[in-house]
1. For region 307-341, name all the residues that are out of contact with any helix residue (DSSP H, G or I) (no Cβ under 8 Å at 6 or more places or on another chain), closer than 22 Å to residue 193 by Cβ and part of a helix (DSSP H, G or I).
2. Which members of region 65-82 meet the condition of being without any contact (Cβ under 8 Å) to a residue 24 or more places away in the chain and over 19 Å from residue 105 (Cβ atoms)?
3. Return only the number of the condition from (1) without any contact (Cβ under 8 Å) to a residue 60 or more places away in the chain; (2) closer than 19 Å to residue 276 by Cβ; (3) buried (at least 24 other Cβ atoms within 10 Å of the Cβ) that residue 174 does not satisfy.
4. Going through region 83-94 one residue at a time, which ones are in contact (Cβ under 8 Å) with a residue 24 or more places away in the chain and more than 20 Å from residue 20 (Cα to Cα)?
5. With the requirement that a residue be in contact (Cβ under 8 Å) with a residue 24 or more places away in the chain and under 16 Å from residue 175 (Cα atoms), what does region 294-325 give you?
6. Quick check, is residue 258 over 14 Å from residue 174 (Cα atoms), part of a strand (DSSP E or B), modelled with pLDDT of 90 or more and touching a helix residue (DSSP H, G or I) at 6+ places or on another chain (Cβ under 9 Å)?
7. Quick one: which of 283, 297, 304 is at pLDDT 85 or above, in a loop (DSSP other than H, G, I, E, B) and under 15 Å from residue 192 (Cα atoms)?
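The values are calculated or read from the model by the stated rules, or taken from the named source; none is laboratory data. Only a predicted model underlies this, so the values are computations on that prediction, with no experimental measurement involved. Here Cβ is always computed from backbone atoms with ideal geometry, including for glycine, and neighbour counts include all displayed protein chains.
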């Protein structure tokens, strides 16, 4: 196995943790070099393309995981690269004792695997001892009543309540369009944040959203999402157009930050917000969902960026949409992934054997 690193920057095997962390940060964020026709340049390009095989969020999570691993090795005088399987197992156990969730530990383990893969050395995370430790952590968490932390689905009824509390000012027009587009397209918050004007195409029955990157498209191809016209105030197409016209957006990011310009006079009231040029980030979108839920009298802690996607899929399921259509809308590769997004409601009310026993 060859190391996917830049020529002249060999993997820091046996080096101090800080050097390993810095090397991984550089390797994970590799940029494409200008074409020079050399073998060395082609290898650098191959490494850069390999680093882009994972989504941005995944790369960020891996960098955080490697930083945590290197910090723990530094505190205990261990070598982080190559790592001993027993040390990896002990690290995962220590992180769990520190209060980290099993989902976070799975990301930590994947980050250590990515570190070793990039360095071209044997991967310690596949060892039997590490696998057994991880399985034990999962079983212990389940025995203690731990459940995956899922945000509440913003189903159609919930969405109506949230939208009813949103005024028709500029922030309201933006947030209304954001919520309706996110719901109708079953979009993740990162997909909403990345939308640009050039990603929107008019169609006879609505709009097509061209997502350059989508978590469900592992091959990196662009994904097309249909955004149909609605027949009520919940129409996502009209809401998006209203926001674009009010904000004067004809190019660049669709959902933008708003800022308040300084008042012209000391006795003047607060100036109206003005759209900027920078796109909202995924974290801001989650905060908007929570803030608008709170304004509607709902518990903001129960909502987040995934509430829109979960709400769309759950609403479609409740209205009898075929599972294959739901899977297509969700852009999932398997039905197992779709299950995690569905909120099944009252299990007695929807029991498949009701009335038959």
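1. Result: 310, single match.
2. 77 - this is the single residue of region 65-82 that is without any contact (Cβ under 8 Å) to a residue 24 or more places away in the chain and over 19 Å from residue 105 (Cβ atoms).
3. (1)
4. Passing the criteria: only 93.
5. Result: 295, 296, 303, 304, 305, 306, 307, 308, 309.
6. Answer is no for this residue.
7. Working: 283 fails: in a loop (DSSP other than H, G, I, E, B); 297 fails: under 15 Å from residue 192 (Cα atoms).
Exactly one of 283, 297, 304 is at pLDDT 85 or above, in a loop (DSSP other than H, G, I, E, B) and under 15 Å from residue 192 (Cα atoms), namely 304.
The rows are residues; the columns are (1) surrounded by fewer than 19 Cβ atoms within 10 Å (Cβ to Cβ); (2) in the same structural domain as residue 115 (by TED's automatic domain parsing); (3) at pLDDT 90 or above; (4) more than 26 Å from the chain's Cα centre (by Cα).
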position	(1), (2), (3), (4)
8	yes, no, no, yes
12	no, no, yes, yes
28	no, yes, no, no
38	yes, yes, no, yes
67	yes, yes, yes, no
76	yes, yes, yes, yes
80	no, yes, yes, yes
